[in-house]
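In what follows, a structure is listed as structure tokens, so that the remarks can point back to it.
The values are calculated or read from the model by the stated rules, or taken from the named source; none is laboratory data. Nothing here was measured: the structure is a model prediction, and the numbers come from that model. A quick note on method: Cβ atoms are made from the backbone with ideal geometry, for glycine too, and the neighbour counts reach across all protein chains shown. Please note that ligands, DNA and RNA were not included when accessible areas were found on the heavy atoms of the full protein model with its side chains. Shrake-Rupley method; radii C 1.70, N 1.55, O 1.52, S 1.80 Å.
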Amino acid sequence: MSIGYRDRALYCEAVALADIAADAGTPCYVYSAAIIRENFRAYDQALAAVPHTVCFSVKANGNLGVLRLLAQMGAGFDIVSGGELYRVVKAGGDPAKVVFSGVGKTAAEIEEALGAGIFVFNCESEPELALIDALAHRLGVKARVAVRVNPDVDARTHAYISTGRLAHKFGVDLGEAEAVYEHARAHKNLSVEGVSCHIGSQLVDTAPVMEAVDRVLELIDRLRARGFDIRHADLGGGLGVSYKPEQSVPAISEFAACIASRLAGRDLHLLIEPGRSIVANAGVLLTRVLYRKKTGEKDFVIVDAAMNDLIRPALYSAHHEIVPVRDTGAPASRVDVVGPVCETGDFLARDREMAGVFPGDLVAIRSAGAYGFVQSSNYNARPRAAEVLVDGAAWRIVRRRESYDDLVRSES
Ligand SMILES: *Cc1c(COP(=O)(O)O)cnc(C)c1O
């Protein structure tokens, strides 16, 4: 384990988290390069039997240091905005391995992606196909497209991160897919090359994914019978991680091998778009205890990180383990861990049995590497946290803490 205790002190790889906090301050996100590499490799190796590209989902963690690490390992990237494309290019990512997803791509974003020469647009509607065609025509290029289909399977995850039912805004209904592909074929500046799907996030069960894979493969057979030269299948991301020690989720290698076995012998290039499963457990949010406070009913631990730094508990009722950076053996008690933001929803844990901590102590909020910093805001005029990347015994600040100047820089 690359994040764990040594002599009662919490380490990320060979670096004591207390040393990072002393230098970089708190709150501060810390990521382990070794864990990110290990997770990426687990996908890459389990898919070795089929031609494939692992496209890291930038929205899970868009830090340039993290993207560069993945780019150096040969990762592709799944983007959902022009800003994410900009980040990928800045980090040295290869645009030819970029897939562009999302229901609301703007004309400007599409032009940027065409200009960069991305691998494929995952399209979600007929008007989007028409716009991409028109812009490609104007630029004198052909745009490679796939249609994102909605396989109508229940991903059995949190309602806000489930995407594969007919009631969701994502994708084209499977029943209408062939009509949409015919529509796409009529556009001269589109090259229709793939099928894509993504059914949701934090999936802890492989069955719905395999069901979606089977439906996508059946569609590919029907499209090929109609003369479409379908060369790739993009099966999205979504593999869950364990946020609690007792929570069991499929291993990356098992999940990926299962997908690879379905694609064997089908003459398809496989794309997958994992985000959370690569970075979530590679990261912690380091924070310092400011106060303890008791009310009639509750015992509060007030820390210097808040919902603006990590919104997952407030937004999805997500559970994050919170552990002391120095394990003093102080008796555990049941507490609410809350931040300074003026909202009752500003909590990081509720009714949590937790080791005793006191003002000045550091605690680490675990599994914070995905959908953590990227969803942070300046609410309550709080400068956003620093981000640190650890690699063995070395570490560096890959995003400095924002200053008050940063808060007002674009205002007048
Ligand atoms: C969010 C998203 C992903 C990544 O999902 P994870 O659960 O982080 O693996 C992949 N593809 C698309 C289209 C997404 O929207």
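Label points 7 Å out from Cα along the Cβ direction at E218 and K298: separation in nm? A separation of 4.9 nm, rounded to one decimal place.
Here the accessible area is traced with a 1.4 Å probe on the protein chains. For the chain, carbon and sulfur cover 50 percent of it. Counting 0.36 nm for each residue step from R266 to H137 and taking away their Cα separation leaves a gain of 43.2 nm.
Between R8 and K90, the contour length at 0.36 nm per residue exceeds the alpha carbon distance by 25.6 nm. For the chain, adding -39500 (n - 2.57) for each run of n ≥ 4 DSSP H residues and dividing by the number of residues yields -8500 deg cm²/dmol at 222 nm.
A Förster radius of 60 Å, combined with the Cβ-Cβ distance separating S125 from N380, puts the computed FRET efficiency at roughly 0.95.
For the stretch 33-277, the solvent-accessible area works out to 39 Å² per residue, with a probe of 1.4 Å and every protein chain left in place.
Can you tell me the order of 63-73, 195-205, 371-381 when each peptide is scored by its average per-residue count of other Cβ atoms within 10 angstrom, highest first?
With the highest mean Cβ count within 10 Å placed first, the list reads 195-205, 63-73, 371-381.
Taking the Cα centre of the chain as reference, the dipole from Cβ charges on Lys and Arg (+1) and Asp and Glu (-1) amounts to some 540 debye. The ratio of the alpha-carbon radius of gyration of the stretch 291-335 to the globular-protein estimate 2.2 N^0.38 Å is 1.33. Dimensions of the chain from C-alpha coordinates, computed as largest minus smallest value along each principal axis and given longest first, are 69, 50, 43 Å.
Shape analysis of the stretch 292-408 based on the Cα gyration tensor places the equivalent ellipsoid semi-axes at 24, 19, 13 Å, largest first.
Where a ≥ b ≥ c are the square roots of the eigenvalues of the C-alpha gyration tensor, would you call the stretch 33-277 rounded, which needs a/c under 1.5, or, failing that, prolate if a/b is larger than b/c, or oblate? It comes out oblate by the Cα gyration axes. Taking 19 Å as the limit for the C-alpha separation, the pairs K244/K294; K105/K169; K97/K142; K90/K142 exceed it in the case of K244/K294; K90/K142.
Name the shape class, rounded, prolate or oblate, that the alpha-carbon gyration tensor gives for the stretch 181-228, where a ≥ b ≥ c are the square roots of its eigenvalues, rounded holds for a/c under 1.5, and otherwise prolate holds if a/b is larger than b/c and oblate otherwise. It comes out oblate by the Cα gyration axes. Screening the chain for DSSP H helices whose Cα atoms reach 24 Å or more along their own axis and whose mean Kyte hydropathy is at least 0.5 gives nothing. Inverting the mean 1/r over all pairs of different Cα atoms, compute the Kirkwood radius of the stretch 152-280 and quote it in Å. Averaging 1/r across every pair of different Cα atoms and inverting gives 15.6 Å.
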